[in-house]
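Here's the structure, in structure tokens; my notes come after.
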Amino acid sequence: MLFHHLPGNLAAAGLLIFGSVGNVTNVFSLSKMVLAGYGICFGLLICCLEINLSFLRHPIASNFGFLYNPFLRMMFYLLMAMVTWTFETILGEISSIVLLTLAVFNTYVMCWYPGYRAALKEVADEEERILRGEMRREARRLTWRHVTRPWWVDDD
């Protein structure tokens, strides 16, 4: 159950980004354009948080540490929902409802399962180790193929 809300957070971030991109082009309302810019930034932040790569984990934790506190994260999701609600579009209203739902669900998960972040970090580190190993093997294979081919063959 714990890892089933990750796609929900990514989908909500995608809805937030798409709804915001649609409002960036609203040249008749400067306030909606500014809020759309914030929506894009907030959506990208949630995507980076949920992808959970090691090189992103430290900067996010040091600059946006409030996302690891259940109450403050809920407030952030409520802020994002209010931003999307002001777009006054169907996509904005849908993403606002999804963000409100996820605010409650994320708070529940983070309060009742305090070891959730540690388990998620462990899973992400293991996936990253596997990916690095596959990339290393592929690099060795390509290097070996390049070194062992005859000099007169030019297949670049």
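The values are calculated or read from the model by the stated rules, or taken from the named source; none is laboratory data. Quick caveat, the model's predicted, so the values are computed rather than measured. Note that we place each Cβ from the backbone using ideal geometry, even for glycine, and neighbour counts take in every protein chain shown. Heads up: the accessible areas ignore ligands, DNA and RNA and are worked out on the full protein's heavy atoms, side chains in. Shrake-Rupley method; radii C 1.70, N 1.55, O 1.52, S 1.80 Å.
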Check: Do we have any residue at all in segment 22-34 that's closer than 30 Å to E128 by Cβ and either touching a Gly at 6+ places or on another chain (Cβ under 6 Å) or assigned to a helix (DSSP H, G or I) (or both)?
Finding: no
Item checked: In segment 29-44, the residues that are open to solvent by less than 50 Å² (accessible area, probe 1.4 Å) and under 11 Å from G14 (Cα atoms) -> G39, I40, F42, G43
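Okay, residues lined up against (1) open to solvent by less than 80 Å² (accessible area, probe 1.4 Å); (2) over 26 Å from I17 (Cα atoms); (3) of a type in the set (F, W, Y):
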{"residue": "H58", "(1), (2), (3)": "no, no, no"}
{"residue": "A61", "(1), (2), (3)": "yes, no, no"}
{"residue": "F105", "(1), (2), (3)": "yes, no, yes"}
{"residue": "M135", "(1), (2), (3)": "no, yes, no"}
